[in-house]
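Participant: Below is a structure I'd like to ask you about.
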Amino acid sequence: MKLEKLAEILKTVAHEKRLRILVLLEEFDQNICVCEFVDALNVPQYQVSQHLRELRGKDLVRGNRDGTWVYYSINPDLPRDVRRLIEGLLEHLDSEDYSREMEKLEERLELREDGKCVIGYDESDE
């Protein structure tokens, strides 16, 4: 991997919320919609969308539209060295730092119908 590309990836994942998004995507081996991230991370939708846009811009995550919902996952076509880099970073995180988000996301995913998000997010938090 070229040094310039590595530096751009590291800058992108250097933000705490983007790291938390990657942790959730890695731990839950399924697509997650924006509103599920909003609830799990307890941040406004526009911030989650901004972080996902940054991750998508570096091709670290993929978004798939299903009607009005967009579901995100870690890019399955990541080069092996980038995938190992992300896995290495996540491996060194203390699980207590993100256990609350894991629990909230797990609860939120249980509300899906036919495997799809149907609730949205609370716009009063915006």
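Participant: Applying the selection to segment 42-80, what residues are in contact with a Ser or Thr (Cβ under 8 Å, 6 or more places away or on another chain) and aliphatic (A, V, I, L, M)?
Facilitator: Leu55, Leu60, Val61
Participant: Taking segment 53-101 as the search range and keeping residues that are touching a helix residue (DSSP H, G or I) at 6+ places or on another chain (Cβ under 7 Å), assigned to a helix (DSSP H, G or I) and free of Cβ contacts under 8 Å to residues at least 60 places away in the same chain, which one is nearest to Asn31 (Cα to Cα)?
Facilitator: Top of the filtered list is Leu55.
Participant: Could I ask something else about it? Could you tell me which residue of segment 1-54 is surrounded by the fewest Cβ atoms within 10 Å (Cβ to Cβ), considering only residues that are under 11 Å from the mean Cα position of the chain (by Cα) and small (Gly, Ala, Ser)?
Facilitator: Among residues in segment 1-54 that are under 11 Å from the mean Cα position of the chain (by Cα) and small (Gly, Ala, Ser), the one surrounded by the fewest Cβ atoms within 10 Å (Cβ to Cβ) is Ser49.
Participant: Just the residues that are more than 15 Å from Tyr71 (Cβ to Cβ) and of a type in the set (D, E, K, R), please, taken from segment 1-52.
Facilitator: Once the filter is applied, which keeps residues that are more than 15 Å from Tyr71 (Cβ to Cβ) and of a type in the set (D, E, K, R), segment 1-52 yields Lys2, Glu4, Lys5, Glu8, Lys11, Glu16, Lys17, Arg18, Arg20, Glu26, Glu27.
Participant: I want to confirm something. Restricting to segment 30-86 and keeping residues that are β-branched (Val, Ile, Thr) and under 13 Å from Cys117 (Cα atoms), which single residue is modelled with the lowest pLDDT?
Facilitator: Initial filter on segment 30-86 (β-branched (Val, Ile, Thr)): 32, 34, 38, 43, 48, 61, 68, 70, 74, 82, 86.
Filter once more, keeping what is under 13 Å from Cys117 (Cα atoms): 32, 34, 38, 68, 70.
Working: Ile32: 96, Val34: 93, Val38: 94, Thr68: 84, Val70: 91.
The residue in question is Thr68.
Participant: Looking only at segment 89-117, filter to residues that are at pLDDT below 90 and either surrounded by 11 or more Cβ atoms within 10 Å (Cβ to Cβ) or in contact with a His (Cβ under 8 Å, 6 or more places away or on another chain) (or both); which one of those is nearest to Leu22 (Cα to Cα)?
Facilitator: Leu90
The values are calculated or read from the model by the stated rules, or taken from the named source; none is laboratory data. In this text, all values refer to a predicted model and were calculated from it rather than measured experimentally. Every residue, glycine as well, gets a Cβ built from its backbone with ideal geometry; the counts of neighbours run over all protein chains shown.
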